[in-house]
Amino acid sequence: MPTLQDVARRAGISPSTASRVMNKYDGAFPISQKTRERVLEAARELGYVPNAAAQALRRGKTRTISVLGSSPSFFRISTDPANFHMAAMAGLMEAAIERGYHVNLLSGTETDPELGGAYADIGLTDGLLIINRDLDMDAAYVESLKRLDKPVMYALDYPDGRGFYATAPDDVEGGAMATRRLRRAGHKRIAFVRSSGYANIFDRRQAGWEKVMGAAAQRDAADLVMNVADVAPDAFAARGVTAALCANDTTGIRLHRKLEEGGVSVPGDVAMMVFTHEAEKNPTPVDFDGVAEPLSRIVSSAARRLIDLVEGRRTKKTELFAYNLKEGATV
């Protein structure tokens, strides 16, 4: 197998100059285009391929980012372009290809219980991107990542506090936008329906609902904030509720099924809006009205900002993306 020294001899230059060309490093003395072409031509003629591990040792960088999803199934391939995970992966790969980085997909099994949940092995990587991880499921993740000696970027779900880098939709404003849409349609008693998990995200969306509902959100919270698992079909009529804002589309699907099975018409008896994501087609079985987050753009921006941190560039702590109204058939 040809070595870098073989390439240098073929090009008639020193091994150090050949190394600078192959590693794309000029240093204090730029290399002429003519010399660069001689080295690359010699490498092609000999069939020389740089050793990635050796390059990483020399540079102290692997040009690899690791990505942790919400579960081991997050990265399973789907041919449906409207699939949440597919849209997230599209944004991730767009950024990685653009910046020339490899992507290391983590299964979520990297924490070591004997180390108090610390990340024992996230592979050879320069930084960590966490996409839509339910951070309330395991507080040890957040604590261990504070001690990780690598840049960390959260996408979608993120811990509260200024010590973290995050790229996410503006969930508070999204909740307000959806609630204003229902208010414009004439609804005054609007329920906020959530489910277990993703408390950080759902709390922010509920805060947006509360901002528009005002005093009613505080006065009637016991009647207006519900967990979908506890909702009975007649609950809305009994509480004078004519519309529901669901914390995500999965919650919306569950609520819609319950209402239909109980003989409650949507939108005839109850109007509905959900939080969803932009896709090439409606991502749910029901054509919901809602607010849609630009999922691919969020993940793509998160990956780019992580690479900026890896490469020593500054970026703001939190970047929030606006939701867009989605017209459907449930309001």
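Within the range 210-230, can you find the residues that are under 29 Å from the mean Cα position of the chain (by Cα) and not in a helix (DSSP H, G or I)?
VAL225, MET226, ASN227
Since ALA207 meets every condition but one in (1) assigned to a helix (DSSP H, G or I); (2) buried (at least 22 other Cβ atoms within 10 Å of the Cβ); (3) modelled with pLDDT of 95 or more, which condition does it not meet?
The number of the failed condition is (2).
One line per residue, one yes/no per condition, for (1) at pLDDT 95 or above; (2) buried (at least 23 other Cβ atoms within 10 Å of the Cβ); (3) assigned to a loop (DSSP other than H, G, I, E, B); (4) assigned by TED's automatic domain parsing to the domain that holds ALA235:
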| residue | (1), (2), (3), (4) |
| --- | --- |
| LEU135 | no, no, yes, no |
| SER144 | no, no, no, no |
| PRO159 | no, no, yes, no |
| ARG162 | no, no, yes, no |
| GLY175 | yes, yes, no, yes |
| LYS188 | no, no, yes, yes |
| ALA191 | yes, yes, no, yes |
| SER196 | no, no, yes, yes |
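Could you list all residues from the range 147-193 that are in contact with a Ser or Thr (Cβ under 9 Å, 6 or more places away or on another chain), of a type outside the set (D, E, K, R) and over 19 Å from THR276 (Cβ atoms)?
Matches in the range 147-193: MET153, TYR154, TYR158, PHE164, TYR165, ALA166, GLY186, HIS187.
When both residues are 6+ apart or on different chains and their Cβ atoms are under 8 Å apart, which pairs have a first residue that lies in the range 26-52 and is farther than 18 Å from ASP6 by Cα, and a second that is β-branched (Val, Ile, Thr) and modelled with pLDDT under 85?
ILE31/THR17; ILE31/VAL21
Among the residues of the range 210-242 satisfying the criterion of being of a type outside the set (Gly, Ala, Ser) and more than 22 Å from LYS258 (Cα to Cα), which is surrounded by the most Cβ atoms within 10 Å (Cβ to Cβ)?
Selected residue: MET213.
The values are calculated or read from the model by the stated rules, or taken from the named source; none is laboratory data. What you see is a predicted model; the values in this text were computed from it and never measured. Glycine gets a Cβ as well: all are built from the backbone with ideal geometry, and neighbour counts include every protein chain shown.
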